[in-house]
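Comments concern the structure below.
The values are calculated or read from the model by the stated rules, or taken from the named source; none is laboratory data. Only a predicted model underlies this, so the values are computations on that prediction, with no experimental measurement involved. Glycine also receives a Cβ, built like all others from the backbone with ideal geometry; neighbour counts cover every protein chain displayed.
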Ligand SMILES: Cc1ncc(COP(=O)(O)O)c(C=O)c1O
């Protein structure tokens with residue numbers, strides 16, 4: 001069979017560039033014209049393909065991209081992404097040379113680390129940009145807000161470091177009670193005031209993730225960091241009644257039936273025999289399993305879309321396969337397309353629904369889609385040279 005993804009195994013992810021562009025435009029409209037965007041493309045752009053997302057959003061004028069490690073940044077540099085890349089995580093001293101070699105921007109969370117970075121900058125006769133991370137209530141990376149002024153003074157003393165950014169991260173912007181978020185914003189604002197008075201305020205000040213961009217306009221400052229919303233998923237997926245814009249999910253997960261078997265009533269299906277057919281039916285085998293990131297918690301719980309209808313997963317999800325009950329369609333054929341995340345006809349399985357079944361968040365489902373599932377990019381903004389592609393990705397597919 002002629003697969004649209006250039007691979008033999010008929011399981012693939014489609015990423016719609018138009019959806020990403022539309023979500024970007026929607027967020028952009030909510031921001032002050034001078035506020036810039038840093039788009040997190042860590043974890044392979046939440047499973048969407050970091051290089052492709054960066055390439056498309058670079059063309060849209062995104063100011064920064066956020067990555068989680070030197071390795072993620074280097075992979076992007078090697079493919080030709082030239083935009084500023086902010087490493088959002090702390091790194092070890094052994095990784096410092098790579099910051100210089102690949103022209104990266106590092107988050108600085110301690111005086112000791114600032115000193116080491118400064119020493120390397122002196123050695124290399126360079127001055128590099130850094131973003132200072134302040135903890136206003138997340139309890140993760142960054143200097144506690146009470147110590148932030150002393151920290152900023154210290155970094156100013158590191159003459160080969162240019163304080164380009166100051167930021168903090170919200171712990172509960174998507175929660176139902178805004179109290180903690182308001183407290184974090186207040187601490188951050190107070191700090192900004194103090195730093196401004198001492199002429200220590202860096203040019204970029206940022207705090208807002210997707211939830212804050214959408215629901216706390218006072219959190220925007222002059223740089224925002226929305227991730228999930230850019231990919232079309234609403235951060236308040238469990239809450240109802242909030243006024244929210246219509247985001248468009250960019251990712252669809254698809255496969256095709258590779259095997260069909262008429263099965264009598266009373267047969268056990270899959271490992272552990274956890275499902276028994278209730279009547280004579282047709283069990284379809286799909287070539288996708290937990291090694292692809294299709295979570296095993298969907299066993300006997302999840303649904304897939306076939307011919308625009310929801311049909312149930314039967315038995316446990318295996319490493320590379322799973323089984324579904326196709327009994328509703330007597331003329332079912334091998335090779336028919338099945339949608340596991342996304343839309344087929346008028347039905348849709350949202351990543352939020354999968355996350356709920358798996359008792360987790362959409363982030364984890366998206367990031368967990370493994371690299372062995374090839375990504376296909378629809379509506380690419382411009383053609384790429386073949387050398388820019390990883391082997392298992394093709395450029396464009398007609399819908
Ligand atoms: C430091 C930082 N900023 C921004 C984001 C983006 O958050 P969201 O995807 O909820 O918009 C993340 C995501 O984990 C993050 O770690």
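General observations
- Single residue of 152, 180, 171 found to be assigned by TED's automatic domain parsing to the domain that holds residue 218 and either buried (at least 21 other Cβ atoms within 10 Å of the Cβ) or at positive phi (or both): 152
- Scope segment 99-114; condition surrounded by 18 or more Cβ atoms within 10 Å (Cβ to Cβ) and in contact with a helix residue (DSSP H, G or I) (Cβ under 6 Å, 6 or more places away or on another chain); matching residues: 104, 106, 108, 114
- Residue in segment 218-225 that is within 8 Å of the ligand (Cβ to nearest atom), at pLDDT 95 or above and under 27 Å from residue 251 (Cβ atoms) present: yes
- Residues located in segment 84-118, provided they are part of a loop (DSSP other than H, G, I, E, B) and within 16 Å of the ligand (Cβ to nearest atom): 84, 88, 89, 90, 91, 104, 109
- Qualifying residue in segment 137-144 (condition: within 26 Å of residue 83 (Cβ to Cβ), touching a residue at least 40 places away in the same chain (Cβ under 8 Å) and within 16 Å of the ligand (Cβ to nearest atom)): yes
- Output for segment 181-209, where each listed residue is within 12 Å of the ligand (Cβ to nearest atom) and in contact with a helix residue (DSSP H, G or I) (Cβ under 8 Å, 6 or more places away or on another chain): 207, 208
- Helices (runs of 4 or more DSSP H) (entirely within segment 16-62) containing at least 2 residues that are out of contact with any helix residue (DSSP H, G or I) (no Cβ under 7 Å at 6 or more places or on another chain), over 18 Å from residue 233 (Cα atoms) and more than 13 Å from the ligand (Cβ to nearest atom): 50-60
- Residue check, residue 167 more than 21 Å from residue 40 (Cα to Cα), at pLDDT 95 or above and in contact with a strand residue (DSSP E or B) (Cβ under 9 Å, 6 or more places away or on another chain): no
- Residues satisfying the stated conditions in segment 81-96, i.e. in contact with a helix residue (DSSP H, G or I) (Cβ under 7 Å, 6 or more places away or on another chain) and exposed (fewer than 15 other Cβ atoms within 10 Å of the Cβ): 93
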